[in-house]
Ligand code: BGC
């Protein structure tokens with residue numbers, strides 16, 4: 001017998017023994033007793049429900065011992081001994097905290113991302129977690145949205161590469177999840193959640209089919225890598241809530257993308273959310289709509305459990321009530337056969353997790369101790385913290401820091417061990433961490449003095465502070481101390497006056513980003529700006545080097561700050577080893593190599609900003625007129641405002657402050673001229689474009705070469721550039737390497753059509769421009785022609 005026939009026979013037999021209620025139970029996942037949920041979950045009596053076979057799994061909660069006990073009840077006392085799954089949000093970290101996903105994506109280092117996520121799987125499964133509510137693959141163009149922290153930046157291409165790597169890291173290259181170091185990946189949130197209007201979490205999304213198809217690429221890649229689960233997004237897309245979106249879940253997800261795993265809702269997304277969306281009048285209708293859309297598992301709302309058995313019964317007795325275009329029940333009765341098929345998919349997932357063979361895989365204290373928060377894990381997240389930060393400016397040799405003299409480390413984030421962990425560090429123990437101050441003190445050479453002053457509160461508004469401490473009320477990190485803002489600045493200036501170099505650590509608390517944390521302005525929080533200005537004035541007056549570490553869960557608009565510092569680093573929220581990782585870079589042990597995976601805008605008004613935007617009919621440097629008397633030009637001498645063009649913002653240039661792909665190191669690189677293998681291609685062949693990159697500086701460093709495509713004429717308007725390739729190369733001083741990008745007609749494909757059911761993806765012959773360079777704005781262009789045959 002093959003494994004497939006073994007599995008089929010096992011599932012057939014099991015399902016034949018299960019009652020309708022038990023099968024519905026496999027579609028129900030409550031939040032669990034005593035477990036917080038992000039929505040309005042109800043408390044349930046878990047053991048009672050398990051004994052009745054009313055759930056497929058449960059939120060993992062905090063203690064392994066509890067999970068073991070619940071699993072024992074399930075296999076020994078549950079009606080058919082079906083093991084439970086335990087789910088959690090291990091968003092790229094479990095016990096050992098690495099950088100937030102947005103920061104890690106700035107490493108553009110797929111091998112590092114693999115290792116960090118393998119560590120997450122190893123630690124989590126060793127604690128009995130079987131399914132991860134991650135990776136989050138939402139592409140977002142509006143940094144006001146707090147959940148941008150959880151994603152992998154704005155490029156669907158980079159997101160797709162990362163999705164593939166993470167799925168394999170969680171589920172194994174061979175997809176064998178019956179191992180104590182692997183768990184199931186859930187791609188989320190399918191679809192469009194990151195396009196929430198104006199970055200307001202849960203707000204409706206309006207997007208073209210082409211845009212949706214483009215941001216679907218990470219999901220496609222994750223599915224091709226074998227992801228076991230998909231979580232459906234909360235939002236509406238073009239007025240239809242995705243939880244009830246038959247076209248998206250069936251025509252697109254199941255048919256077009258070929259997804260075979262389980263579809264889970266987001267927490268409480270059926271009830272009350274479909275009712276709140278106004279597409280269902282009550283919980284019963286909501287359950288019906290989500291089920292008929294194709295959902296397998298109802299996370300937390302329990303509407304399936306309450307209503308599906310009755311809907312089956314009623315549908316058999318009154319089929320006429322489930323027909324016709326009117327009313328909620330318009331897609332026919334719910335049948336037991338449908339429920340059996342959905343439950344089978346859930347049981348199959350449990351089979352793949354190895355739970356029928358051993359329900360306790362990973363639940364082993366000894367093994368857990370051996371793989372959790374080890375020295376190796378700490379070294380890994382230290383490396384990740386160093387490789388994720390992005391050096392955006394470095395003048396007057398401000399960095400690396402001099403190995404002598406006095407350094408003043410100032411700011412509310414310099415010694416804050418909670419906020420540096422970022423959103424979703426729910427299992428990370430902040431005590432296990434090294435703050436920036438601690439890291440710098442530990443790494444400072446003998447004879448060097450490191451001074452510290454807090455200088456400002458993260459925020460001064462008590463209500464805002466309460467919101468930001470919402471997940472750590474017991475140990476609040478956003479503390480408004482007894483000192484007045486002016487007294488704190490005064491003390492900071494006294495400290496700064498004693499120093500030769502000043503390092504400011506400013507930015508966001510962890511809850512400034514993450515779920516339901518939208519910002520009105522994506523600048524430094526207001527309370528920190530007077531401190532910045534006072535220190536910047538002091539540094540300027542005394543000609544002292546000033547370095548700003550901007551720690552945040554999103555790209556910040558740092559136009560004012562960038563103009564007044566010598567060096568600027570965006571770190572994201574770097575995790576447990578923030579201090580050591582940063583010290584490695586600041587003292588020059590490691591050359592910075594991070595590159596922005598999302599552009600840093602100049603202002604909130606520049607949002608939404610999409611590097612891969614369409615050209616528009618009045619391109620920035622196209623027609624239009626330069627206004628007489630307007631002196632403001634960019635480095636190439638272009639007026640940044642041109643009347644009657646898309647460069648129409650009166651107060652600032654259209655281009656972001658720092659483009660996507662951008663980042664500096666301690667060395668410099670020279671790009672040779674890109675050389676194509678041909679400039680006229682025909683049919684399904686391959687084009688290669690090679691470019692020589694030389695390290696022209698004095699130390700080793702890594703460069704991320706990028707390739708973008710511009711399809712000059714299409715059936716629909718095409719993005720002015722679209723990331724289609726990248727390669728991260730490490731080069732010793734004077735070393736030259738050739739990077740080769742491979743382009744096929746597959747690269748040229750794009751979606752055409754205005755219906756999600758019928759759009760096509762093909763390429764069209766014609767002229768294309770390839771843009772090669774170190775970031776989205778600094779590129780060499782070459783033109784090719786590609787014909788069908
Ligand atoms: C979020 C999901 C998350 C779930 C459970 C929801 O509010 O949208 O991403 O997996 O909560 O924590």
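Observations on the structure shown:
- Tilt relative to the chain, helix 336-352 - C-alpha long axis, 0 to 90 degrees, to 10: 50
- Between residue 239 and residue 260, the FRET efficiency from the beta-carbon distance, with R0 = 51 Å, is close to 0.95.
- The stretch 765-789 versus the stretch 192-260: alpha-carbon centroid distance in Å: 30
- You can think of it this way: the chain between residue 396 and residue 634 has 83.5 nm of extra reach, that is 0.36 nm per residue less the Cα-Cα gap.
- Beta-bridge orientation, the chain: approximately 55 percent antiparallel, per DSSP, counting only bridges with both partners inside.
- Range of Cα positions in the chain per principal axis (Å), largest first: 83, 66, 49
- Extension gain, residue 483 back to residue 111 (0.36 nm per residue minus Cα-Cα distance, nm): 129.3 nm
- Spin-label pair residue 648/residue 696, simplified geometry with 7 Å Cα→Cβ offset, distance in nm: 3.9
- Computed over the stretch 319-376, relative contact order equals 14 percent, with contacts defined as Cα pairs under 8 Å that lie 6+ residues apart.
- Our helix-only sum for the chain, with -39,500 (n - 2.57) per DSSP H run of n ≥ 4 divided by its residues, gives a mean residue ellipticity at 222 nm of -8500 deg cm²/dmol.
- Rel. contact order, % - alpha carbon contacts under 8 angstrom, at least six apart, the chain: 13
- For the stretch 358-372, backbone nitrogen atoms closer than 20 Å to the point 7 Å from residue 429 Cα along Cα-to-C-beta are found at 363-372.
- For the peptides 297-310, 252-265, 323-336, residues were scored by their other Cβ atoms within 10 Å and the scores averaged per peptide; the highest-first order is 297-310, 252-265, 323-336.
- When each of the peptides 228-235, 576-583, 315-322 is scored by how many other beta carbons lie within 10 Å of its residues on average, the order from highest to lowest is 576-583, 228-235, 315-322.
- For the stretch 167-211: relative contact order, % (alpha-carbon pairs under 8 angstrom, 6 or more apart): 23
- Once you reduce the stretch 707-721 and the stretch 64-135 to the center of their Cα atoms, the two points are 40 Å from each other.
- Protection proxy ranking for 737-749, 129-141, 586-598, using the average of other Cβ atoms within 10 Å per residue and placing the highest first: 129-141, 586-598, 737-749.
- Segment residue 446-residue 738, length gained on full extension (0.36 nm per residue, minus Cα span): 101.0 nm
- With Cα atoms, 0 to 90° folded angle of helix 156-171 axis to the chain main axis: 60
- Descending principal axes extents, the stretch 549-705, alpha-carbon based, whole Å: 51, 47, 28
- Working from label points 7 Å from Cα in the Cα-to-Cβ sense, the residue 331 to residue 198 distance is 3.2 nm.
- Distance in nm between pseudo-label sites at residue 563 and residue 757 (7 Å out along the Cβ direction from Cα): 5.4
- Axis of helix 64-77 versus longest Cα principal axis of the chain: the two differ by about 20°, to the nearest ten degrees.
- Å³ per residue enclosed by the Cα convex hull of the stretch 140-296: 109
- The share of C-alpha pairs in the stretch 386-532 whose separation exceeds 18 Å stands at 60 percent.
Any read-out appearing in this document is the output of simple, stated calculations on the displayed coordinates, not a laboratory observation. Predicted, not measured: the structure shown is a model, and the values here were computed from it. We place every Cβ from the backbone using ideal geometry, glycine too, and count neighbours over all the protein chains shown.
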